[in-house]
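Report on the structure given below.
The values are calculated or read from the model by the stated rules, or taken from the named source; none is laboratory data. Everything numeric in this text was worked out from a predicted model, so none of it was measured. Note: ideal-geometry Cβ built from the backbone for every residue, glycine included; neighbour counts use all protein chains shown. Just the protein is used for accessible areas: all its heavy atoms, side chains included, with ligands, DNA and RNA removed. Shrake-Rupley method; radii C 1.70, N 1.55, O 1.52, S 1.80 Å.
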Amino acid sequence: MDAAVLAYLAFFMTVALTYAIMCLGLNLQWGLTGVFNVGVAGFVLAGAYTSAILTTPPIEGRFGGFSLPIGAGWFAAAIVGALLSVLVGALTIRLRAGYLAIATFGFAVVMHLAALNLAPLTGGPFGITFIPRPFGALQGDERD
């Protein structure tokens, strides 16, 4: 199989599995319990930025750039997401129905605004660049 095809399949599977994890989280919350929670986007944002900060190379003017392996970034992202979910869960434990939806939507909006305005940490509206690709070695050199 061609290296470009393998690289595309690796990219596609990474994106598909990311969305699958988010869907499983939403299905657990809304599908099984009937509780509407829109804070999932905030947890995904926190995990994605955690992984990006830990795995990217150093860039002047931005915190992070620790060049850790992708697996370490994913592990840290899961830990940060879990800690944030415990914090938000402790604050919203007694809320039901629409009140929980409003509170978790507020959390997601706060996370979004923090990502936009904390430019030295998140890159602001431009985001973080040079994030390593999982299975990027499969692609090889695109100039060949």
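A few remarks follow.
- Meeting the requirement of 2 or more residues that are closer than 25 Å to PHE36 by Cβ and within 15 Å of the chain's Cα centre (by Cα), the helices (runs of 4 or more DSSP H) wholly within region 46-144 are 70-91, 97-117.
- When ALA20 is tested against the conditions (1) within 20 Å of GLY136 (Cβ to Cβ); (2) part of a helix (DSSP H, G or I); (3) out of contact with any Leu (no Cβ under 9 Å at 6 or more places or on another chain), the lone failure is (1).
- Any pair with Cβ under 9 angstrom, 6 or more apart, that starts in region 21-43 at a residue that is farther than 13 Å from ILE102 by Cα and ends at one that is at pLDDT below 85 and of a type in the set (Phe, Trp, Tyr): GLN29/PHE36; TRP30/PHE36
- Residues in region 95-118 that are more than 13 Å from ALA46 (Cα to Cα) and open to solvent by less than 50 Å² (accessible area, probe 1.4 Å): 6 in all.
- THR92 being closer than 25 Å to ALA10 by Cβ and hydroxyl-bearing (Ser, Thr, Tyr): no
- GLY64 satisfies every condition listed in (1) modelled with pLDDT under 90; (2) closer than 19 Å to TYR19 by Cβ; (3) small (Gly, Ala, Ser) except (2).
- Of residues in region 15-52 being polar (S, T, N, Q) and open to solvent by 50 Å² or more (accessible area, probe 1.4 Å), the one farthest from ALA114 (Cα to Cα): THR33
- Among the conditions (1) touching a Pro at 6+ places or on another chain (Cβ under 9 Å); (2) open to solvent by less than 50 Å² (accessible area, probe 1.4 Å); (3) of a type in the set (Ser, Thr, Tyr), the only one that SER67 does not satisfy is (2).
- Unmet requirement for THR55, which otherwise passes all of (1) out of contact with any Gly (no Cβ under 6 Å at 6 or more places or on another chain); (2) open to solvent by less than 30 Å² (accessible area, probe 1.4 Å); (3) at pLDDT 90 or above: (1)
- Pairs linking a residue in region 127-144 that is farther than 16 Å from VAL5 by Cβ and hydroxyl-bearing (Ser, Thr, Tyr) to a residue that is at pLDDT 80 or above and open to solvent by less than 100 Å² (accessible area, probe 1.4 Å), with Cβ atoms under 9 Å and 6 or more positions apart or on different chains, are THR129/THR56; THR129/ILE59; THR129/GLY123.
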